[in-house]
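Below: one structure, written as structure tokens.
The values are calculated or read from the model by the stated rules, or taken from the named source; none is laboratory data. None of these values were measured; they are calculated from a predicted model. When we count neighbours, we look across all protein chains shown, and the Cβ atoms used for this are built from the backbone with ideal geometry, even at glycine. Surface areas here come from the heavy atoms of the whole protein model, side chains and all, with no ligands, DNA or RNA. Shrake-Rupley method; radii C 1.70, N 1.55, O 1.52, S 1.80 Å.
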Amino acid sequence: SRFRNCPLRPPCPTLRLALHPPGMERANKRQKVQAGVVNEEEDEEEGEEEEEGEESEEELEISIDEDGRTPLHGGGPPPEYRFRSFPKLLQDLLGGGEASWLDGLRKDCEAAFTARAAKKGEYSAGETFWVGADVEEPATVLEQLALAIFRLHAGRCTFDRATSGVEWWTQVIDADDDIGWHWDRDYGLEADAGFQLHPHVATVTYLSDVGAPTLMLETTEEPEEPEVFKKCFRIGGQLYYGDCKAGGKARPGTFIRHGFGRQVDLAATPAGSRFSDETAYETVVTGIYEGSWDEDAMSGQGTYKWSDGSSYEGHFENGQLSGHGRFVWPDGSAYEGAFVGGTMNGQGRLDSRFDGKFHQGKFHRNCFQQASGRWLDILEKARREDSARIATGDVDKIQVLRCAFGECHRPDARQAKMDVEKEALVRMLEQIQSEGLIPLVAAEACLGGSALDCLTAASLVDAETQGVSVRLAAIAQRRRRDCHSMFHDAIQQSLRTGSLFVVTFEDDDVGCSMQQEEQEDWTKRAPDTNVPETPMPEEWALENFFLPTAFPVEVFQPELFNGRNLARCFLPEAAQQLRPYGPPQPGSLADASVGSGGHEAAVAEEAAGEEDPEAQAAALAEKQAAAAEARKLVEKAAAGVTVGRVGSTGHFFEVGGASLEAAGLPLAYCLRPALCVLGRLPDGLGDEEVKELIIKRFGNHVPLHRTVLLLLGDREEVPETLQ
């Protein structure tokens, strides 16, 4: 928009000033204007000097603050930035005899006025003039007035006189002239370098008592539409491909996500010892977002998938679910309607897959207002349905896998054969876990050791610290002692190491008869090798031990346990170290966050703090080497990521000399649960016979529909691939 002044008769001269702070020396030549006449010879000489100066032009470095101004030096008070008016400024600054000098000022204004009209959308043409703060003898009355105004506003400030001063120009406005909306800044610097530098104070001095006033608004300049690039980059554990723009003065030298893009959020979880004695890690995809970004935040339409199986499609606002959208739970239940600040809030409809019912109407902070006026907590309802679905299900669909693991129990065991069998066992366990199910490991009667012996021989579990005997837990519960700490401590240790958390049924005939004996070294007991005939006690049913903070039922659906970071109930560090990149789900305790660049800049800044140049160079080299190692580690972690898949990837790696923290990879803690039975199964049974026997013996004690039976035998053949 443009501002047209009211008609002025006669022409109204004004003096415009921009008071520049320290930090840069103006490139403008100092124009000398005397009695309305420009000294042309001097102007030509200065023009020649400028041409010579252009050949030896040096790069100019400028520091600015968040308002586009160079910072003050010396810690003195800043100028007064609020709007002020000085009705008698001329009389106070120039003394009496107003009539004697006012005509001269007006003539000088007309002589110095060089502005020319410009085309629409362009800046007007013309010159501005510069007078430095260190000038002792002004050449003209206009310079004298400009310096007087400068000292009025900058008198309290501490500044460098050699690099500070006044940029000034004059305007003589006729009735048909207009002045557009504009910001006072260095337009020459903007044209040359695309850099916007603003003065500390801008003033207007009227030399007439007629005309329209200057209108000033407290508003921020609308930036030009940024140039959008297609980029693929990593920020810590975030892999991004899509639109982005330059970070600007807030984050110079970086790109920020802006436009449409896809991001994969990664974390690393401990995975035991797989390649050496060093702890290995598995790459985990904690979430995938595809949609719109605005200023490095998820904003606009998009889709997000969480690693617990939940998903959302709809509108985002600054990284949160906001506006209209559809949220789907892992079981297929869905809410479609309004979201505010990440919560179901407004009109919507909830369809439950668990019981087939729906709720439609008003929602407020994840609660639904029923016809009675009472509020129903939707998230608590979803948790109860999750627990019920995990605890009960169709056991007839249980799968049976078989694996040979007899070599390690032979006196003449061959190491190569043992390694092959161990690899096959590990691959089968990983396959079961990748399907979100729990391996139930049992052994045939012909095998030389129990199922627990096999897991221990394969270095998959330390049963003493990461295992629980259901028999001992039942005895402790019957005697009213703390049985829950057994589960809690074993889960805690398993999360820290990444090894299996094993719940063991001592269901051989000897174990079932030991209802009063508590053995601390139960893992060393040799179980009966005969097929058990003694029924298992009802108190061994796992539902007797479920407790959210010690043995949550979500253990039997690991994607829920791990995807919702239930490890925080067992490890204080889990609540702090895993900072999800994606938006929080409704009711989640996690905060949304978005990554940002600037790692290289942070390294340089930290190294620059060293005073000794050699120490500074050494520190910078060390930081750069660490940054290179961190990048390699992220590349190693991302190598096994499958497009579109969330949760565990089955890709394992070791960190070597780098660290997850330096690489920006969040540390997740994922539970790897397993069930183990010490009672033997008869040799030679088919899959259906094995299923029938397992269902009959464990159907009332274990949620078998969440398990896969892994039967260990003494066969010679080892499966090459797993279907």
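Summary of values
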read-out	value
Segments 84-91, 674-681 sorted - mean Cβ within 10 Å per residue, highest first	674-681, 84-91
Separation between Cα centres of region 271-285 and region 368-390, rounded to whole Å	39 Å
Under the Karplus curve 6.51 cos²θ - 1.76 cosθ + 1.60, θ = phi - 60°, whole-Hz ³J(HN,Hα) for region 465-474, x wherever Gly or Pro sits	10, 10, x, 10, 8, 5, 4, 5, 5, 5
5 angstrom amide H check on residue 293, placed H, neighbours 5+ away	259, 260, 261, 299
Proximal charge balance of residue 311 [Cβ under 15 Å; K/R count +1, D/E count -1]	-2
Net charge, residue 231 excluded, C-beta distance under 15 Å - Lys, Arg +1, Asp, Glu -1	+3
Rounded Å value of the spacing that divides the Cα centres of region 323-364 and region 124-145	68 Å
Accessible solvent surface per residue of region 451-500, calculated while the other protein chains remain in place, 1.4 angstrom probe, Å²	38 Å²
Surrounding net charge for residue 457, when Lys and Arg each add one and Asp and Glu each subtract one, Cβ distance under 11 Å	-2
Simple Cβ-charge dipole of region 464-558, Lys/Arg +1 and Asp/Glu -1, about Cα centre, in debye nearest 20	380 debye
At R0 = 60 Å, FRET efficiency that the Cβ-Cβ distance of residue 628 and residue 417 yields, to 0.05	0.90
Sequence ranges 516-523, 502-509, ranked by mean other-Cβ count within 10 angstrom, highest first	502-509, 516-523
Surface accessible to a 1.4 Å probe, per residue, for the residues of region 123-206, Å²	46 Å²
Residues of region 262-334: accessible area per residue with a 1.4 Å probe, Å²	34 Å²
Student exercise, region 367-445 dipole from Lys, Arg, Asp, Glu Cβ charges, in Debye to nearest 20	180 debye
Residue 195 long-range amide H proximity, modeled H, under 5 Å	190
